[in-house]
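Novice: Just dropping this structure here.
The values are calculated or read from the model by the stated rules, or taken from the named source; none is laboratory data. Since the structure is predicted, the reported quantities are computational estimates derived from the model, not experimental observations. Reconstructed Cβ throughout: ideal geometry from the backbone, glycine too, with neighbour counts over all protein chains shown. Just so you know, the surface numbers come from the protein's heavy atoms only, side chains and all, with ligands and any DNA or RNA stripped out. Shrake-Rupley method; radii C 1.70, N 1.55, O 1.52, S 1.80 Å.
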Amino acid sequence: MRVDHVVYAAEHDGVHATAERLAKLIGVEPVDGGVHPRFGTRNVILPLAHERYVEVVEVLDHPASDKAPFGQVVRARSQAGGGWLGWVVRVDDIAEQEQRLGREAVNGNRHRPDGVELRWRQLGVKGLQADPQLPFFIAWDQGTPHPSEDADTQVTIESLTIAGDPERVRDWLGLPADYTSSVIDFAWVAPHGTPGLMAVTFDTPQGEVTV
């Protein structure tokens, strides 16, 4: 179980403009990710070192976005101005989390512009909907390339600042949040309003950058 990526909902001018701004801030090259047909969304990837990445995502005018919880949370966050949506934990066997949480994972897929298909299963977006401090889980299908595999960068995630209760997250994960990474620091602040991922600090060749 390890931190896989962080998710940023597109701002008013769309996913590509938002991704370009973030990419310039942290000094990486954005990569067009493609459409999630099951969720009614599309993304742009900011690949990072250590097999991690930033996912910048926007909702499409598509019926799936009204039905899928992921489409619903992306739409709501973008309509509120965009920004950090949440963090995602990678697991090898998502069946363990299905059994522990008593809910079923859903299939996800997208085709990159080069035609390569990425497939995965994800679980816990409804938990994120109800309590945005909670991560959701992803298990990449065997043979699926990780979105960061071609990352030519030294930029890493240094820390996550989360408004919420570390004990609540511990109950959700089944272990403390800092067990999901030995190199990422977790800073907890009391929520003034809605809990959730408040900021991500990146370690770049030019120094720390907090978004």
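Novice: With viscosity set to 1.002 mPa s at 20 °C, what whole-number translational diffusion coefficient in µm²/s follows for the range 1-142 from Stokes-Einstein and a Kirkwood radius over Cα pairs?
Specialist: Rounded, D is 141 µm²/s.
Novice: Note down the nm distance, to one decimal, between modelled labels 7 Å out along Cα→Cβ at residue 131 and at residue 154.
Specialist: 4.0 nm
Novice: What trypsin sites (Lys or Arg not before Pro) in the range 27-130 are in a loop by DSSP, with at most 14 other Cβ atoms within 10 Å of the Cβ?
Specialist: Passing sites in the range 27-130 are 103.
Novice: Let me ask you something else. Using r as the Cβ-Cβ distance of residue 208 and residue 106, and R0 as 35 Å, what FRET efficiency do you calculate, to the nearest 0.05?
Specialist: 0.45
Novice: Work out from phi, with θ = phi - 60° and the Karplus expression 6.51 cos²θ - 1.76 cosθ + 1.60, the ³J(HN,Hα) of each residue of the range 158-163, listed in order in whole Hz, and give x for Gly and Pro.
Specialist: Those phi angles translate into 8, 7, 10, 9, 10, 7 Hz.
Novice: Placing +1 at every Lys and Arg Cβ and -1 at every Asp and Glu Cβ, with all other atoms neutral, what dipole size does the range 135-179 have around its Cα centre, in debye to the nearest 20?
Specialist: The dipole magnitude comes to about 200 debye.
Novice: Quote the charge dipole size of the chain about the Cα centre in Debye, to the nearest 20; the model charges only the Cβ of Lys and Arg (+1) and of Asp and Glu (-1).
Specialist: With Lys and Arg at +1 and Asp and Glu at -1, about 620 debye.
Novice: On to the next question. Out of 210, 128, 6, whose Cα points farthest toward the positive end of the dipole of the chain (charges: +1 Lys, Arg; -1 Asp, Glu; placed on Cβ)?
Specialist: 128
Novice: Report the FRET efficiency, 1/(1 + (r/R0)^6), for residue 2 and residue 66, where r is their Cβ-Cβ distance and R0 is 35 Å, rounded to 0.05.
Specialist: Working from the Cβ atoms, E equals 0.60.
Novice: Calculated from DSSP H runs of 4 or more alone, at -39500 (n - 2.57) each and per residue, what is the 222 nm mean residue ellipticity of the chain, nearest 500?
Specialist: Using -39500 (n - 2.57) per qualifying helix, the result is -6500 deg cm²/dmol.
Novice: Right, next: Tell me the carbon and sulfur percent of the accessible area for the chain, rounded to whole percent, probe radius 1.4 Å.
Specialist: Ligands and nucleic acids excluded, carbon and sulfur reach 46 percent.
Novice: For the chain, report the accessible area per residue in Å² (1.4 Å probe, heavy atoms, rounded to an integer).
Specialist: For the chain, the solvent-accessible area averages 47 Å² per residue.
Novice: Stretch residue 35-residue 182 to full length: gain in nm at 0.36 nm per residue minus the Cα-Cα span?
Specialist: 49.7 nm
Novice: Which cross-chain or sequence-distant (5 or more) residues have an amide H under 5 Å from the amide H of residue 34, H modelled 1.01 Å from N in plane?
Specialist: Here 43 satisfy the definition.
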